[in-house]
Amino acid sequence: MQVCNCNDVEYDEIKDAVAKHGSDIEIIKEETSAGTACECCLEEDCDMVDLPLPLAIKKAVEELA
Ligand code: FES
C-alpha cells in the first residue's frame, strides 16, 4: 500500500518507523522521506496515493496498540 508516490514509500515502512520512533509526523517524514517532495500525501484527501501519510500513521498507531 503506497503512502508517498514521490519517494515511493510503502505503508510497511511507515509502520516500522512508527514502531521505532512514535507517531510524530515530522519525525516520520525525516525517517522515511514520505511527504518531503510535492507534499500531496500530507493531505488526507490526496488522491495520488493509496493511504496518505496522516492516515497511515493513524493506522499504524492502531495496529501497534
Ligand atoms: S506524494 Fe508524497 S511528497 Fe509527493
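If you go through segment 12-29 one residue at a time, do you hit one that is touching an Asp or Glu at 6+ places or on another chain (Cβ under 8 Å) and of a type in the set (S, T, Y)?
So far as segment 12-29 goes, no, none of its residues is touching an Asp or Glu at 6+ places or on another chain (Cβ under 8 Å) and of a type in the set (S, T, Y).
Would segment 5-20 turn up any residue that is in a loop (DSSP other than H, G, I, E, B), free of Cβ contacts under 8 Å to residues at least 40 places away in the same chain, in contact with a strand residue (DSSP E or B) (Cβ under 7 Å, 6 or more places away or on another chain) and not aliphatic (A, V, I, L, M)?
Looking only at segment 5-20, we keep the residues that are in a loop (DSSP other than H, G, I, E, B), and these are 5-8.
Remaining after also requiring free of Cβ contacts under 8 Å to residues at least 40 places away in the same chain: 6-8.
From what is left, the residues that are in contact with a strand residue (DSSP E or B) (Cβ under 7 Å, 6 or more places away or on another chain) are none.
No: segment 5-20 contains no residue that is in a loop (DSSP other than H, G, I, E, B), free of Cβ contacts under 8 Å to residues at least 40 places away in the same chain, in contact with a strand residue (DSSP E or B) (Cβ under 7 Å, 6 or more places away or on another chain) and not aliphatic (A, V, I, L, M).
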Completion exercise
Scanning segment 21-55 residue by residue, those part of a loop (DSSP other than H, G, I, E, B) and surrounded by 18 or more Cβ atoms within 10 Å (Cβ to Cβ) turn out to be A34, G35, C46, V49, L51, P52
Completion exercise
Cβ pairs under 7 Å, 6+ apart or interchain, first in segment 30-56 and more than 11 Å from V3 (Cβ to Cβ), second more than 7 Å from the ligand (Cβ to nearest atom), ordered by first then second residue, are E31/A17; E31/H21; T36/K29; E43/P52; E44/P52; E44/P54; E44/L55
Handout entry: Residue check for A60: on the phi < 0 side of the Ramachandran plot and loosely packed, with under 14 Cβ neighbours inside 10 Å
Key = no
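No lab work stands behind these numbers, since they all come straight from the coordinates. Computed from a prediction, not measured in an experiment: that's the story for all the values here. Methodologically, a virtual Cβ is constructed for each residue, glycine included, from the backbone with ideal geometry; neighbour enumeration extends over all protein chains shown.
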